Amino acid sequence: MVLVQGFASSVLLLTLSIGTARAHSGGLDGNGCHYDTTSGRYHCHQEVKPNPDAKAPAKKSRENVCHDKSSPNYSTVKFFISYK
C-alpha cells in the first residue's frame with residue numbers, strides 16, 4: 001500500500017511539473033537563434049563559431065540586422081549568416 005501511495009505521489013508531482021515547461025520549436029538558424037513564436041522576439045540558444053566568410057556580400061547578425069559592405073558595422077560583425 002505504501003508503495004502505491006509513493007508511486008501515485010510521484011506521478012502527481014511529475015504531472016504538475018510538466019505544466020510549467022514551455023514548448024520550443026527547435027528550429028535554429030545558422031547563428032543558433034530563432035524567433036520566439038509567443039513574443040516575436042529574436043533570441044539565441046547556441047554559441048556558434050564566428051563565420052569564416054569575412055567578405056560575404058551581406059551579413060545577418062545575431063541581432064537579426066542585415067549589414068552590407070556600406071554599413072559602418074559590416075567589418076565588426078563576427079557571428080552572422082552570409083547572404084549574396
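Any residue that is among the hydrophobic types (A, V, I, L, M, F, W, C) and within 16 Å of SER82 (Cβ to Cβ) - is there at least one of those in the range 40-47? Taking every residue of the range 40-47 in turn, none turns out to be among the hydrophobic types (A, V, I, L, M, F, W, C) and within 16 Å of SER82 (Cβ to Cβ).
Based on what the data block shows, is LYS78 modelled with pLDDT of 90 or more, in a loop (DSSP other than H, G, I, E, B) and not acidic (Asp, Glu)?
Values: modelled with pLDDT of 90 or more: yes; in a loop (DSSP other than H, G, I, E, B): yes; not acidic (Asp, Glu): yes.
Answer is yes for this residue.
State whether one or more residues within the range 17-25 are at pLDDT below 60, polar (S, T, N, Q), surrounded by fewer than 10 Cβ atoms within 10 Å (Cβ to Cβ) and assigned to a helix (DSSP H, G or I). Break it down into steps so the answer makes sense when it comes.
Taking the range 17-25 as the starting set, the residues that turn out to be at pLDDT below 60 are 17-25.
Within this subset, residues satisfying the condition of being polar (S, T, N, Q) are 17, 20, 25.
Imposing the further condition that a residue be surrounded by fewer than 10 Cβ atoms within 10 Å (Cβ to Cβ) reduces the set to 17, 20, 25.
Applying the additional criterion that residues be assigned to a helix (DSSP H, G or I) yields 17.
There is at least one residue in the range 17-25 that is at pLDDT below 60, polar (S, T, N, Q), surrounded by fewer than 10 Cβ atoms within 10 Å (Cβ to Cβ) and assigned to a helix (DSSP H, G or I).
Pairs linking a residue in the range 43-65 that is hydroxyl-bearing (Ser, Thr, Tyr) to a residue that is outside any loop (DSSP other than H, G, I, E, B), with Cβ atoms under 9 Å and 6 or more positions apart or on different chains, are SER61/HIS67; SER61/PHE80; SER61/ILE81.
Of everything in the range 61-71 that is out of contact with any His (no Cβ under 8 Å at 6 or more places or on another chain) and not in a loop (DSSP other than H, G, I, E, B), the residue that is surrounded by the fewest Cβ atoms within 10 Å (Cβ to Cβ) is ASP68.
Which residues, taken from the range 30-47, are at pLDDT below 85 and under 22 Å from SER75 (Cβ atoms)? Within the range 30-47, GLY30, ASN31, GLU47 qualify. Residues in the range 31-58 that are exposed (fewer than 12 other Cβ atoms within 10 Å of the Cβ), over 17 Å from the mean Cα position of the chain (by Cα) and either part of a strand (DSSP E or B) or among the β-branched types (Val, Ile, Thr) (or both): there are none.
The values are calculated or read from the model by the stated rules, or taken from the named source; none is laboratory data. Please read all numbers here as calculations on a predicted model, not as lab measurements. Note: ideal-geometry Cβ built from the backbone for every residue, glycine included; neighbour counts use all protein chains shown.
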